[in-house]
Amino acid sequence: MIRHDYSRVDPKRRANLDYKKRQFAKAEFQQQNYNHRLNFYVLPPTAEITLDEFETWAIDRLKVLSELEACTFRNRSPEETTEYMRGILDKYLPLRSDSSRSQKLQEERRKDHYSHFILRLAFSSTEDLRRRFSRLETMLFTLRFKDDDLRERADFVKSLELEWEEVREEEKRELKEDLLAASGMVGKKSEEQEWFKVDWERVPELVGQRRILLKRGKAYVPQREQMSLVVAEFTKKLDDALELTARALSELDEDHRLSPILTHLSQSFTTPDAPYSTSDANINGLSTITHQQIDTLSQSFPLCMRNLHDTLRTTSHLKHYGRLQYTLFLKGIGLPLDECIIFWRRSFKLLTDEKFNKEYKYNIRHAYGDVGGDANRRGRGYTPYSCQKLLTEPLPGPGQTHGCPYRTFAPDNLVSVLQRVGVNDREVLKTVREDVGKQRYHVACNRVFEWSHKREIRKVKEDGSWGTSDLDTIVHPNTWFKRSWLLKHLGEGNVGVVDGGAVGQGEKVVE
Ligand code: SF4
């Protein structure tokens, strides 16, 4: 489905492909027409898309799934999740109904269809990934099913031709008492509503909640539980398809350009990744930063950078990786190179000028891309590190302070550091401990962010100046800083306008 300048399979080999590969070779490369907003993703897409679309569509869907997962980690109720996800879905994966009369219906449905299949490919390799993917896709489907246009939803369900057996009138009469008891409608007429019969294994959720009648190996499900039936069917089909994909993975005639993208996508499932965006250094109301401001600005730094800053102030030194992590972060918030050099020079109080110039200055210039060859990214230097990078790199050794403290600190130390920077809510600290115990480091960090900015967040939500997608899960330290600074300076001059609240779509990304 990727647009090629050349065929993936050598034409000379094509005729000799074995029967398993021939199914790929014979695919009809054509555009599909999407009659329904909802999709059971039974047919894989076959039309061409560009490599760029392949990657960005998958990343957008991944963002949506990660946010859904964060909602479960945060114990958000179904209503809160729906509310929170509305803005996220509008931004990353909009999917309008026919009644909206939007010109972009087919475009949106196409992106939804392709992105699902790309992630299916990326997340079918291990049991754990398959389970998570299936759970989150089911949540997404349920969310959309609930808010679908009623008539369009009924048409969609009809189009599925699911194998539900309608309970006949005579059987309904025979089981009347049991059906009424099961549906909690004792005293009413069971004939008034439709009932379906399915194998009980297909509706485990309803069985668990005792909302149906179980008899002779069949589950009798009332019409009003239709959503559970459809959702159970969706999950079952997806689980079966994921198993098949997993088995077919090794036989795929893989395109060498796709494997790095697929690997990166599956890694991003652990901690969602976000590229650094130049908009993070472009904060309304904050003019060019100087070295003297860093102490004050450090109040708005995430714990990973705050820890480096405090260690630097206490010991007048940082080891190599800590310096690199912090320099790139400072560069990312917009500290110019000459100011950064002064900042480090003054911070390293115990060093002579000569030693500083000889052993440290070059590395700072290198990080900014002022010196260095090919490896130095065409003069732009290195990119500020994302949470994913900091959470997946090797753990720091003795005396090193780099990385993410939510991961690198022992829980007791983490709690004391958090208390030192002002996080004193016992409930928050308790849940941070739980998050960390389950290795949900960035969730713990976001929890702390929301607690430390709760008044400001309430305000921007109430006055509607920030949308949900401006308050999405933070997955980059530079986004943490930018958002924190903007929230703490609301109402000052032109501050408060969110310019790419997280990492904005289509913004210039430094490679
Ligand atoms: Fe820094 Fe990200 Fe860790 Fe938060 S989760 S402390 S922003 S690396």
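The values are calculated or read from the model by the stated rules, or taken from the named source; none is laboratory data. All values reported here derive from a predicted model rather than from experimental measurement. A quick note on method: Cβ atoms are made from the backbone with ideal geometry, for glycine too, and the neighbour counts reach across all protein chains shown. In case anyone asks, the SASA skips ligands and DNA or RNA and just uses the protein heavy atoms, side chains included. Shrake-Rupley method; radii C 1.70, N 1.55, O 1.52, S 1.80 Å.
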Going through the range 341-354 in order, the residues found to be surrounded by fewer than 17 Cβ atoms within 10 Å (Cβ to Cβ) and under 18 Å from Leu324 (Cα atoms) are Ile342, Arg346
I'd like the full set of residues that are in contact with a helix residue (DSSP H, G or I) (Cβ under 6 Å, 6 or more places away or on another chain) and open to solvent by 100 Å² or more (accessible area, probe 1.4 Å), limited to the range 429-443. Arg433
Mind checking which residues of the range 129-158 are open to solvent by 60 Å² or more (accessible area, probe 1.4 Å) and not aliphatic (A, V, I, L, M)? Arg131, Arg135, Lys146, Asp147, Arg151, Asp155, Lys158
Residue count for the range 283-328, restricted to those that are open to solvent by 70 Å² or more (accessible area, probe 1.4 Å) and within 16 Å of the ligand (Cβ to nearest atom): 2
Go through the range 50-76 and give me each residue that's in contact with a strand residue (DSSP E or B) (Cβ under 7 Å, 6 or more places away or on another chain) and surrounded by fewer than 18 Cβ atoms within 10 Å (Cβ to Cβ). Leu51
Just checking, which of Ser183, Ser125 is among the hydroxyl-bearing types (Ser, Thr, Tyr), in contact with a Ser or Thr (Cβ under 8 Å, 6 or more places away or on another chain), touching a residue at least 12 places away in the same chain (Cβ under 8 Å) and surrounded by fewer than 19 Cβ atoms within 10 Å (Cβ to Cβ)? Ser125
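Being surrounded by fewer than 16 Cβ atoms within 10 Å (Cβ to Cβ) and either at pLDDT 90 or above or under 28 Å from Arg210 (Cβ atoms) (or both) is the requirement here; does Glu161 meet it? Break it down into steps so the answer makes sense when it comes.
On the way: surrounded by fewer than 16 Cβ atoms within 10 Å (Cβ to Cβ): yes; either at pLDDT 90 or above or under 28 Å from Arg210 (Cβ atoms) (or both): no.
Against the criterion (surrounded by fewer than 16 Cβ atoms within 10 Å (Cβ to Cβ) and either at pLDDT 90 or above or under 28 Å from Arg210 (Cβ atoms) (or both)), Glu161 does not qualify.
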Looking at the range 439-453 only, could you name the residues that are more than 8 Å from the ligand (Cβ to nearest atom), closer than 15 Å to Leu390 by Cα and not polar (S, T, N, Q)? Arg440, Val443
For Val371, only one of the following conditions fails: (1) in contact (Cβ under 8 Å) with a residue 40 or more places away in the chain; (2) assigned to a loop (DSSP other than H, G, I, E, B). What is its number? (1)
Residue among Tyr19, Tyr41 that alone is at pLDDT 90 or above and either closer than 28 Å to Glu161 by Cα or among the aromatic types (Phe, Trp, Tyr) (or both): Tyr41
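Out of the range 407-428, which residues are farther than 19 Å from Leu328 by Cβ and buried (at least 20 other Cβ atoms within 10 Å of the Cβ)?
As a first pass, look at the range 407-428 and keep what is farther than 19 Å from Leu328 by Cβ: 409-428.
Listed by number, the residues that qualify are Leu414, Leu418.
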Scan (1) in a helix (DSSP H, G or I); (2) outside the structural domain of Arg61 (by TED's automatic domain parsing); (3) closer than 27 Å to Tyr41 by Cα for the single condition Leu136 breaks and write down its number. (2)
Please specify each residue of the range 390-406 satisfying the condition of being surrounded by fewer than 15 Cβ atoms within 10 Å (Cβ to Cβ) and either on the phi > 0 side of the Ramachandran plot or among the charged types (D, E, K, R) (or both). Gly399
Please go through the range 329-340 and give me each residue that is over 15 Å from Pro477 (Cα atoms) and open to solvent by 10 Å² or more (accessible area, probe 1.4 Å), ordered by number. Pro336, Leu337, Asp338, Glu339
I'd like the full set of residues that are closer than 30 Å to Val42 by Cβ and surrounded by fewer than 12 Cβ atoms within 10 Å (Cβ to Cβ), limited to the range 167-179. Arg168
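Condition check: at pLDDT below 95, surrounded by fewer than 19 Cβ atoms within 10 Å (Cβ to Cβ) and part of a loop (DSSP other than H, G, I, E, B). Does Gly381 satisfy that? Explain how you work it out, then say what you get.
Numbers: at pLDDT below 95: yes; surrounded by fewer than 19 Cβ atoms within 10 Å (Cβ to Cβ): no; part of a loop (DSSP other than H, G, I, E, B): yes.
Answer is no for this residue.
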Residues being assigned to a loop (DSSP other than H, G, I, E, B), in contact (Cβ under 8 Å) with a residue 12 or more places away in the chain and either within 11 Å of the ligand (Cβ to nearest atom) or not assigned by TED's automatic domain parsing to the domain that holds Met305 (or both): count how many of those fall in the range 401-423. 3
Kindly evaluate Val436 against the criterion of being more than 14 Å from the ligand (Cβ to nearest atom), of a type in the set (A, V, I, L, M, F, W, C), in a helix (DSSP H, G or I) and free of Cβ contacts under 8 Å to residues at least 40 places away in the same chain. no
Report yes if Ser115 is polar (S, T, N, Q), assigned to a loop (DSSP other than H, G, I, E, B) and under 26 Å from Thr50 (Cα atoms), otherwise no. no
Which number in (1) open to solvent by 30 Å² or more (accessible area, probe 1.4 Å); (2) more than 16 Å from the ligand (Cβ to nearest atom) marks the one condition that Ser469 misses? (1)
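Among the listed residues Gln32, Gln103, which satisfies the condition of being out of contact with any Ser or Thr (no Cβ under 6 Å at 6 or more places or on another chain), in a loop (DSSP other than H, G, I, E, B), at pLDDT below 90 and within 30 Å of Ser259 (Cβ to Cβ)? So that I can check it myself, show each step before the final result.
Numbers: Gln103 fails: within 30 Å of Ser259 (Cβ to Cβ).
When all the criteria are applied, what remains is Gln32.
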Members of the range 214-265 found to be open to solvent by 20 Å² or more (accessible area, probe 1.4 Å) and not in a helix (DSSP H, G or I), listed by number: Leu214, Lys215, Arg216, Gly217, Lys218, Ser250, Glu251, Leu252, Asp253, Glu254, His256, Arg257
